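I have placed the structure first, in the form of structure tokens, so that the comments after it can refer back to it.
The values are calculated or read from the model by the stated rules, or taken from the named source; none is laboratory data. Because the structure is a prediction, the values reported are computed rather than measured. Ideal geometry is used to build each Cβ from the backbone, glycine not excepted, and the neighbour counts take in all protein chains shown.
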Amino acid sequence: MSTPEKAKLRKLFSTYLKELHEIYTGGNFREESFYPALKELFEEYSHLFSEQEAAKALVLPKRTEVGIPDFLIRKDGEIVGHIEAKVPNANLHDIENSEQIQRYLNALPNLIVTNFLEFLLYRDGTLIDKTELCSPIALQGLKPPVPEDVDSLSGLLSAYYSFSTPEIKTASALATTLGDKTKFSRHILKEVLERRDRDSIPLASFYEVFRRTLIGTLTEERFVDLYAQTITYGLFAAKIMAGKAGINKENAWNFIPGNVPLLTHIFHTFVGPDTPVAMNWIIEDILNVLNKTDIVAITKEKEATYGTRDPIIHFYDTFLGEYNPEERAKLGVYYTPPEVVDYIVKSIHKLLKEKFGKEKGLAEEGLKLLDPAAGTLTFIIRALGRALLELEDNHLGGMIPLNIKNHILSDFYAFEIQVVPYIIGHLRVAMSLEKVWDYEFDKDDRFQFDLTNTLEMKEPEQELLLPQLTEEGQEARKVKEEVPILVVLGNPPYSGISENKGKWITGLIEDYKYVDGKHFGEKKHWLQDDYVKFIRFGQWKIDRTGEGILGFITNHSYLDNPTFRGMRQSLMKSFDEIYVLNLHGNSLKKEKSPDGSKDENVFDIRQGVAIGLFIKKKEQKENGIAKVYYAEQWGLREAKYKWLLQNDRTTTEWQELKPNSPYYFFVPRAETYQEEYEKYWKVTDIFPVSTTGVQTSRDSFAIAFNLSDLKRKVEMFINLSLPDNLIKQSFKLKDMSFWNISDARKKLSKEEDISPYFTKISYRPFDIRPIFYHDYIIHRTKREVMRHMRKENLGLCIGRAGQVVGLEKPWNIVFCSGSIEDLNLFYRGGNVNFPLYLYPDKIKSKSLDEKTSNAERTPNFTTEFLHALKEVLGAEPTPEEIFYYIYAVLYSPTYRKRYAEFLEYDFPRVPLPHDYEKFKNLSELGKELVELHLLMHPSLSETEIGFPVSGSNTVERVKYDEENRRVYFNKEQYFEGVSKAVWEYQIGGYQVMAKYLKDRKKRELSLEEIEHYMKVAKAIEGTIEVQGEVEGVMG
């Protein structure tokens, strides 16, 4: 640097320090007091050695505590970077790891953090330079300080101004960048909404509109997430349509496709005049990235990578994986593989010709089609493509424009409840019609894709803020009630905890609760899953038309789950023919191909899926019941894709089923011993009172490995001098729709004595832990039944469906307990507790463990069962003897193998003994099993299991050494004398000896836990021996 240049810099920096000194020594300053000086420094430096126009330092709005950076620096129309300032005496290194700075580092590629004297420069989240102009102490002197290191600060500022947003040429790079910026905008929106001031009014108004009109259970957190994604993906969609042309806040909405007033209005509002002021800079930042993106290269890359897979939807899939993978998994936001769509659409196209007299199939004008959960319009685009190809194949290509206008745009309908897929869908269908089929949209042309809740039938409210939303809601309702839809198709969402609880759809689902004219009597079922509701909607719609086709790909649980038996019977009554193609892929059930090879899902999900084709014709069907056909595909994903692409309904090898009462299964069943098994007593007919296990919804807080840790957590929780945020962060707790941390803390702190609420819970097999069992902490206490387990009692713990723990092992979802139990006692949950005794519902004292006389309790057996048992035995045994007998039967290997097929699907049935002697022998063996499982058996006082090596006792890596019969839990330490049979033994789908240690990974085992583990090994060894004796008695 030349001497004159250095002199200029020294003068600039000296002037800057002089201004800082005046403000600092004047006292009564705030951080914002120093902004003008910093602004002038950056603007002056930018053209000190250049004739070009100076950079502009924009002070971002900071009326309140919204977490946005203080300055945005723009030069030559492009964003250079951002600056976050702190007061001059702030220690920048202390705040570097704060949540705020970390958020900035993730989202802002060129950032300076400064206290006006020290400057830290970060590039893509990494500190690349730092310098200090002078020490904070120097500001306190009588004279302005002198710049200490002119060259160093000049070099840092030069590096800062040299930054230019790099051109992005890959989808993954764009997805990562936009994902980070969308997380940032979500956080800003959340803070704006929480302020409840005039700046948050427009945002709060939109929230109320969406909550009233679309999603009644929409939370503020989900709304800001929706809003942030809409901004990002809306701008991305505009850039896709703009191509190489630049976009900005003023013109972006002009590129929104498809003549959709609602879409245009939402987008214009979200990035237009009503956008929160605090969001303007991040919108500019996103626009800056998009204008530096080679959109053509990205779309070509996606096409090359995915072939027939649409580049727009695949970018969304990539983006969502970067932005919020947890929410993506939770909502099931995964594209439908085109091969799956192709199979369904081809099959429907041919069915229309074959069974409904539609010579042109999907191209037949007047044929009404609906996708009620359209997402991004994947099914619609494939269906319209199939329709238009039909015309081309028949040398009628000249009719394509007319068919699009008079048929596709008039007769094809779609509904979607989420804004972002709605945007993407309109973008994709417009691109498909314009770019693939050369259709020119007229001014009034619009594809009939409505933003609405399919499962609501109420009249939409008039929304002044978004009148177009009301209009689309009214149009959708007309389609639901009046339009004679012939084809319903799609991939409805899977959500076991459904938020669609409106009266109309809930009323329709009631039909599925009746089997053979009687209510099915189930307390727990999955009929409220969204996919079930969409099937019910499609069935209802086809029934109203009087004929038609329903073609869905869904969760495959409805095919064989016993609680869906009423649904299966109802579908058989509505339709004439049902074709079920089971694509399997259920890793939750640990499914494998019949030859033992790997089986994969066609989606990136763990829940297995199936294609269902349901056909209803106007003619009266034979016997008033549908014919049901079944086929299946096993194997690797790519093999399934290839098969689906090459086949349709007509080329699939179907097996006709004969579903019958009471279950009406839609899967093949051998049913060799069904008649025999159906004569036995179902456990729910033996024990009239039962309940599923306790569900805390916050296990890591409510349950602990030892009582002292649990007490410490609870004491912190009720200490109201500690802020809520500290409690949330310390224990990883969050507010939920049914639980508010602040309210729970206030209520619980009023309890005079919390000690009675500390008790024990059977958390996993042989794993009993302390729990704080209080309504303010536990989501579902199940107190109406679990109160019986707080007293002297035995509980039979059974999982209903054996298949949920995997089919590779014999049925094993049965255990016993002397305390309350967790819902997830077994793998994948579903534990149901059948208490042996019921205690009177007396007025409770403060102690929940108040002793009640055993004389007052009554056995939990039905009168009918006791009468039947007494008739067989000639005497009435004690309740304990009956319990032990049942337990022995359920632990019989022969019983488990003989009735394996039935145990997969429902609660077990228990045979009555042939004579008293057999009953007595089995009861005695059952008592041994219970004592072993409660670790109360006399034989457990001594064990041959060794623990020979001392050490840290920390569980690091669990490994079994078969040759030496050792279970290692770190490099040096192990338990010895554990046989392979004991090591591999499973209860409830868990490999007990491995599960206990793995759950304690990175923890130091206590003496009590070490001794417990050795006892458990001995108990399992004893269980295997007793099971052998049970075999001898059972025969």
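Checking the conditions here, which among Ser952, Ser979 is more than 26 Å from Lys809 (Cα to Cα) and either among the small types (Gly, Ala, Ser) or in the same structural domain as Glu928 (by TED's automatic domain parsing) (or both)?
Numbers: Ser979 fails: more than 26 Å from Lys809 (Cα to Cα).
Exactly one of Ser952, Ser979 is more than 26 Å from Lys809 (Cα to Cα) and either among the small types (Gly, Ala, Ser) or in the same structural domain as Glu928 (by TED's automatic domain parsing) (or both), namely Ser952.
Kindly check whether there is at least one residue in segment 382-391 that is in contact with a Lys or Arg (Cβ under 6 Å, 6 or more places away or on another chain) and among the aliphatic types (A, V, I, L, M). Within segment 382-391, none of the residues are in contact with a Lys or Arg (Cβ under 6 Å, 6 or more places away or on another chain) and among the aliphatic types (A, V, I, L, M). Within segment 96-114, the set of residues being touching an Asp or Glu at 6+ places or on another chain (Cβ under 9 Å) and surrounded by 16 or more Cβ atoms within 10 Å (Cβ to Cβ) comprises Ile101, Tyr104, Leu105, Ala107, Leu108, Pro109, Asn110, Leu111, Ile112, Val113, Thr114. Ile686: of a type in the set (A, V, I, L, M), crowded, with 16+ Cβ neighbours inside 10 Å and outside the structural domain of Ser819 (by TED's automatic domain parsing), yes or no? Answer is no for this residue. Restricting segment 73-88 to residues that are part of a strand (DSSP E or B) and modelled with pLDDT of 90 or more leaves a set whose member that is surrounded by the fewest Cβ atoms within 10 Å (Cβ to Cβ) is Ala85.
Yes/no per residue for (1) basic (Lys, Arg); (2) modelled with pLDDT of 75 or more; (3) more than 15 Å from Ile240 (Cβ to Cβ):
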| residue | (1), (2), (3) |
| --- | --- |
| Asp274 | no, no, yes |
| Asn280 | no, yes, yes |
| Ile286 | no, yes, no |
| Ile295 | no, yes, no |
| Asp310 | no, no, no |
| Val333 | no, no, yes |
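The set of residues in segment 1-52 being free of Cβ contacts under 8 Å to residues at least 24 places away in the same chain, under 18 Å from Tyr160 (Cβ atoms) and either touching a Leu at 6+ places or on another chain (Cβ under 9 Å) or in a helix (DSSP H, G or I) (or both) consists of Glu43 alone. Could you list, ordered by first residue, the pairs with Cβ atoms under 6 Å in which the first is in segment 606-634 and closer than 19 Å to Pro594 by Cβ and the second is polar (S, T, N, Q), at least 6 apart or interchain? What qualifies is Gly608/Asn586; Ala610/Asn582; Tyr630/Gln655; Ala631/Thr652; Glu632/Asn582; Trp634/Ser593. The helices (runs of 4 or more DSSP H) found wholly in segment 675-720 and carrying at least 3 residues that are under 33 Å from the mean Cα position of the chain (by Cα) and under 20 Å from Arg1000 (Cβ atoms) occupy 699-702, 707-718. Applying a threshold of 7 Å to beta carbon distances and a minimum spacing of six or more residues, or different chains, the list of pairs starting in segment 729-758 at a residue that is over 11 Å from Ile777 (Cα atoms) and loosely packed, with under 13 Cβ neighbours inside 10 Å and ending at one that is at pLDDT below 90 and of a type outside the set (Asp, Glu) reads Ser737/Thr217; Ser737/Thr219; Asp753/Lys846.
When residues of segment 173-197 are filtered for being in contact with a strand residue (DSSP E or B) (Cβ under 8 Å, 6 or more places away or on another chain) and among the acidic types (Asp, Glu), how many remain? Working first, answer last.
If we filter segment 173-197 for residues that are in contact with a strand residue (DSSP E or B) (Cβ under 8 Å, 6 or more places away or on another chain), which is where we start, we get 174, 177.
Then keep just the ones that are among the acidic types (Asp, Glu); that gives none.
Residues meeting the conditions: 0.
Where helices (runs of 4 or more DSSP H) sit wholly within segment 946-1035, those with at least 3 residues that are surrounded by fewer than 18 Cβ atoms within 10 Å (Cβ to Cβ) and acidic (Asp, Glu) occupy 1007-1034. For segment 115-160, filtered to residues that are among the charged types (D, E, K, R) and in a strand (DSSP E or B), the residue that is surrounded by the most Cβ atoms within 10 Å (Cβ to Cβ) is Glu118. Just checking, does segment 198-211 include any residue being free of Cβ contacts under 8 Å to residues at least 24 places away in the same chain, of a type outside the set (Val, Ile, Thr), touching a helix residue (DSSP H, G or I) at 6+ places or on another chain (Cβ under 7 Å) and over 27 Å from Gly321 (Cα atoms)? Yes: segment 198-211 contains one or more residues that are free of Cβ contacts under 8 Å to residues at least 24 places away in the same chain, of a type outside the set (Val, Ile, Thr), touching a helix residue (DSSP H, G or I) at 6+ places or on another chain (Cβ under 7 Å) and over 27 Å from Gly321 (Cα atoms).
Taken over segment 863-906, the criterion of being part of a loop (DSSP other than H, G, I, E, B), more than 26 Å from Gly1028 (Cβ to Cβ), in contact with a helix residue (DSSP H, G or I) (Cβ under 6 Å, 6 or more places away or on another chain) and in contact (Cβ under 8 Å) with a residue 40 or more places away in the chain is satisfied by Tyr905, Asp906. Asp444 falls short on exactly one of the conditions (1) of a type in the set (Asp, Glu); (2) surrounded by fewer than 18 Cβ atoms within 10 Å (Cβ to Cβ); (3) not in a loop (DSSP other than H, G, I, E, B), and that condition is (3).
Residues in segment 529-561 that are modelled with pLDDT under 95 and surrounded by fewer than 17 Cβ atoms within 10 Å (Cβ to Cβ): 0 in all.
All but one of (1) outside any loop (DSSP other than H, G, I, E, B); (2) surrounded by 22 or more Cβ atoms within 10 Å (Cβ to Cβ); (3) within 24 Å of the chain's Cα centre (by Cα) hold for Pro492, so report the exception by its number. Looking at each condition in turn, Pro492 falls short on (1).
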